[in-house]
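What follows draws every value from the coordinates through simple rules; no lab data is involved. None of the values given here were measured: they were computed from a predicted structure. Methodologically, a virtual Cβ is constructed for each residue, glycine included, from the backbone with ideal geometry; neighbour enumeration extends over all protein chains shown.
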Amino acid sequence: MDPATPNGTRIGWIGTGVMGSSMCGHLLDAGFAVTVYNRTRQRAEPLLDQGAHWADGPKAVAEAADVVFTIVGYPSDVREVILGPDGVLAGCKPGKIVADMTTSEPSLAVEIAARAAERGVHAVDAPVSGGDVGAREARLSIMIGGEPEPVEALRPCFERMGKTIVRQGGPGAGQHAKMVNQTLIASGMVGVCEALLYAYRAGLDLNTVLESVASGAAGSWSLSNLGPRIIAKNFDPGFFVEHFIKDMGIALDEAKRMNLSMPGLALAHQLYLALQAQGHGRQGTHALQLALAALSNIDWEMGADRD
């Protein structure tokens with residue numbers, strides 16, 4: 001199977017959200033011919049202005065492409081977009097590749113790979129980590145499940161989107177690796193938020209204390225990249241709270257199936273559910289600060305204790 005090339009490989013792209021738009025844009029910048037579809041056409045307009053072609057649905061995207069990438073919201077969206085009657089597989093001829101980059105259920109990735117194989121189509125699951133900044137700067141971590149040949153064929157595309165590109169194993173392995181990633185982030189974000197709350201209540205300058213701790217053993221990506229946003233009260237989404245709740249739910253379901261007890265993840269999940277209930281589901285994951293601050297009667301956005 002030949003590697004993807006700008007001159008020889010037609011790309012299809014479905015999903016132009018916070019991350020998908022930037023990721024697709026990098027393929028356009030590399031010279032690939034790209035056909036796009038998104039449920040809301042307006043969100044695809046920047047890519048169309050950049051030279052992408054529009055298709056009226058997932059099946060039409062597949063008919064116009066050799067490789068189709070999808071990055072949508074929920075497993076139900078993945079199922080509809082890829083396996084539905086007007087989905088990607090319905091438009092795929094043998095030899096084409098479908099790469100789902102949504103964070104989704106490992107079992108669904110296995111099902112897609114099996115259904116694709118029945119049609120002579122290759123399927124890869126390739127969820128990513130790095131948020132909006134990683135997507136814009138093409139330095140995502142891409143966790144891949146699938147057979148070696150299609151994964152290697154897609155490597156030139158993945159290299160345009162990310163810096164850490166690792167095949168984890170067969171179908172579903174990429175999604176399992178992403179669950180590991182989300183488990184680490186979930187508990188870590190609780191620590192970031194609680195630490196900043198402690199610093200606030202202790203009367204420390206938050207930026208000054210961040211300078212000290214971010215470079216030591218307590219340092220993390222979340223602390224360095226999202227800590228400053230929390231301090232600035234900027235909760236714009238790099239990754240939506242509601243999507244993170246979906247991811248944690250998948251991980252907890254998988255843990256139950258594997259007879260694993262994960263109390264830390266379960267607690268983080270409950271805290272994020274509280275955050276969503278407070279109306280912050282469409283803000284970034286670091287907005288957890290607002291829910292945790294409220295537990296201690298702190299109005300973080302106003303920068304003061306509540307009356």
Neighbour-count order for S220, S215, S21, fewest beta carbons within 10 angstrom listed first:
S215, S220, S21
Relative contact order computed over the stretch 1-158 (Cα-Cα under 8 Å; 6+ residues apart), in percent
23 percent
Antiparallel bridges, percent of DSSP beta bridges restricted to the chain (to nearest 5):
20 percent
How large is the dipole of the chain about the Cα centre if only Lys and Arg carry +1 and Asp and Glu carry -1, each at its Cβ, rounded to the nearest 20 debye?
220 debye
Within the stretch 139-219, report the trypsin sites (Lys or Arg not before Pro) that DSSP leaves as loop and that have at most 16 other Cβ atoms within 10 Å.
R139
Per-bin percent of Cα-Cα distances, the stretch 177-305 [5 Å]
2, 11, 21, 23, 19, 13, 7, 3, 1, 0
Calculate the FRET efficiency for L273 and E194 from the Cβ-Cβ distance with a Förster distance of 22 Å, rounded to the nearest 0.05.
0.80
The chain, Gaussian network, Cα under 10 Å: of T183, T164, T40, the residue fluctuating most is T40
Find which of F69, A277, G91 sits farthest along the positive direction of the dipole of the chain, computed with +1 on the beta-carbon of Lys and Arg, -1 on that of Asp and Glu, about the Cα centre.
G91
Identify which of the listed values of percent of Cα pairs over 23 Å apart was calculated from the structure shown: (1) 57; (2) 60; (3) 66.
(1)
Across the chain, where is the longest run that never hits GluC sites (Glu not before Pro) in a DSSP loop with at most 15 other C-beta atoms within 10 Å?
138-300
Efficiency by 1/(1 + (r/R0)^6): what FRET value for E149 and V180, r their Cβ-Cβ distance, R0 = 22 Å, to the nearest 0.05?
0.30
Quickly rank 45-55, 86-96 as a protection proxy: mean count of other C-beta atoms within 10 Å, highest first.
86-96, 45-55
Give the Rg/Rh ratio for the stretch 89-169, taking Rg as the radius of gyration of the Cα atoms and Rh as the Kirkwood radius, to two decimals.
0.98
Gain in length, R282 to Q42, computed as 0.36 nm per residue apart minus the alpha-carbon separation, to one decimal in nm?
84.5 nm
Taking 32 Å as the cut-off for C-alpha to C-alpha distance, list the pairs among K233/K256; K59/K246; K59/K233; K59/K256 that go past it.
K233/K256; K59/K233; K59/K256
The chain, relative contact order [Cα under 8 Å, separation at least 6], %
13 percent
Please compute the length gained on full extension between L206 and N7, using 0.36 nm multiplied by the number of residues separating them and subtracting their Cα-Cα distance.
66.6 nm
